[in-house]
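Chemist: For reference, the structure I am asking about is given below.
Readers should treat all values here as calculations from the given coordinates under stated rules, not as data from a laboratory. From a predicted model like this one, the values you see are computed outputs, not experimental measurements. Note: ideal-geometry Cβ built from the backbone for every residue, glycine included; neighbour counts use all protein chains shown.
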Amino acid sequence: MRLPLDTAIAEDKLTRYLLLPQARGDKSAFLAQAGYRQETASHLLRDLRTQLLPLEAQRLESNAFGQYYEIRGTLTGPSGVALPVRSIWMTEHLSGITKFVTLIPDTRRTK
């Protein structure tokens, strides 16, 4: 199945989580390999929408909050480097809104 093209992707999720260095679970260094930076978060937002969101989503677990999905794909960043990624998305049960949850390296697809 494919997720809606108008899926919500919060800019704060990018600038205050994915692209901000963290003491634990840091994803910013991984994304920096492809040229993604906090000051140019719009590149990551655009690439999530154009490179990942159109891909096939696999249904994962469901809990009290919503139904989770996974999209595996490749993000090619501003520097031209391609990163294999797993992205997690959720459709909320109460609102019906689908939103971006997180992104991690896809270790099954690394070289």
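Chemist: Rounded to the nearest 0.05, what FRET efficiency is calculated for Met1 and Ala23 with R0 set to 30 Å and r the Cβ-Cβ distance?
Modeler: The pair Met1/Ala23 has a calculated efficiency of 0.25.
Chemist: What is the order of Arg86, Arg24, Arg37, fewest Cβ neighbours within 10 Å to most?
Modeler: Arg24, Arg37, Arg86
Chemist: Another question, then. Could you grab the relative contact order for the chain? Cα pairs under 8 Å, six or more apart, rounded to a whole percent.
Modeler: Worked out over the chain, it gives 25 percent.
Chemist: As a test of the formula, what do you get for the chain when each DSSP H run with n ≥ 4 contributes -39,500 (n - 2.57) and the sum is divided by the residue count, at 222 nm and rounded to the nearest 500 deg cm²/dmol?
Modeler: -2500 deg cm²/dmol
Chemist: Mind pulling up the Rg/Rh value for segment 1-98? Radius of gyration and Kirkwood radius, both on Cα.
Modeler: 0.97
Chemist: Here's another thing I want to ask about it. Local charge sum around Glu11 (other residues, Cβ-Cβ under 13 Å, Lys/Arg +1, Asp/Glu -1)?
Modeler: Summing Lys/Arg as +1 and Asp/Glu as -1 gives +3.
Chemist: A further question on this structure: Could you calculate the FRET efficiency of Ala32 with Ala10 from 1/(1 + (r/R0)^6), where r is the beta carbon distance between them and R0 is 25 Å, rounded to 0.05?
Modeler: 0.75
Chemist: Taking the Cβ of Leu53 as the center, what net charge do the other residues with Cβ under 10 Å away carry, scoring Lys and Arg +1 and Asp and Glu -1?
Modeler: 0
Chemist: May I ask you to list the chymotrypsin sites (Phe, Trp or Tyr not before Pro) in segment 3-111 that are in a DSSP loop and have at most 16 other Cβ atoms within 10 Å of their Cβ?
Modeler: Sparse-neighbourhood loop chymotrypsin sites (Phe, Trp or Tyr not before Pro): Phe65.
Chemist: Note down the net charge around Glu70, summing +1 for each Lys or Arg and -1 for each Asp or Glu among other residues with Cβ under 9 Å from its Cβ.
Modeler: Result for the neighbourhood of Glu70: +3.
Chemist: How do Glu70, Glu39 rank when sorted from fewest to most other Cβ atoms within 10 Å of their own Cβ?
Modeler: Glu39, Glu70
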